[in-house]
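Data first, discussion second: the structure below is written as structure tokens.
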Amino acid sequence: MERRNSTLIRLVIAAVAALGLALTGQFPAHAATGDLTCTAQAQVNFSPALAAGGTSTGDVDAVLDNCTSPNGSFSRLTSAEALGSATVSAAPGVNPCSLRLTLNATLKATWQNGQHSDIAAELTTDPTLGTAGLTATVTGGQLAGDSITPVIVEINPNPDCATNGLKSLTTTTAQAIFG
């Protein structure tokens with residue numbers, strides 16, 4: 001039963017992420033003229049664990065690899081680690097594993113050449129209404145002013161989320177498109 005719930009949660013998250021891209025008008029096809037495209041992996045760890053109607057804070061660790069610059073403007077940026085913090089709040093009366101939540105994060109990406117990018121992101125989801133919003137922007141440093149379009153293949157909450165609250169969100173396969 002837990003495996004079935006985990007699979008259902010992944011499917012709901014993938015649908016919400018795809019819907020969020022459609023609602024914000026950001027589509028992967030935009031990548032052809034973008035500044036940079038990278039594979040991405042990320043994890044957010046919350047403390048305390050998020051409970052229904054609660055709030056929490058967390059640490060964010062993301063890795064950007066295999067970066068390419070379709071327009072050639074940022075070919076010197078090939079990989080980065082982005083570290084930061086997040087705040088998250090869950091809808092009242094709803095298990096946070098259903099992912100009715102709002103998450104705000106700020107990160108500092110350190111590129112392999114020592115340059116930096118400051119990033120602000122917000123994710124708002126409500127799978128029960130079929131709505132999601134995801135915005136991310138480079139606010140300073142390299143790529144300043146670029147929007148980031150994430151293409152997320154899979155997001156996983158911690159396996160014991162249903163009994164112990166939302167302690168982490170992990171994406172192991174994603175793409176980040178800067179443009």
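The values are calculated or read from the model by the stated rules, or taken from the named source; none is laboratory data. These numbers were taken from a predicted model, which means no experiment stands behind them. Every residue, glycine among them, receives a Cβ derived from its backbone with ideal geometry; neighbour counts consider all protein chains shown.
Brief remarks follow.
- In a residue-by-residue description of segment 121-141, the property of being in contact with a Phe, Trp or Tyr (Cβ under 9 Å, 6 or more places away or on another chain), aliphatic (A, V, I, L, M) and more than 20 Å from Asn45 (Cβ to Cβ) applies to at least one position.
- Residues of segment 138-159 that are surrounded by 16 or more Cβ atoms within 10 Å (Cβ to Cβ) and modelled with pLDDT of 85 or more: Val138, Gln142, Leu143, Asp146, Ser147, Ile148, Thr149, Pro157, Asn158.
- Any hit, segment 64-85, residues being surrounded by 20 or more Cβ atoms within 10 Å (Cβ to Cβ) and over 18 Å from Gly179 (Cβ atoms): no
- Within this structure, Ser89 passes the test of being touching a residue at least 12 places away in the same chain (Cβ under 8 Å), closer than 20 Å to Thr55 by Cβ and out of contact with any Asp or Glu (no Cβ under 9 Å at 6 or more places or on another chain).
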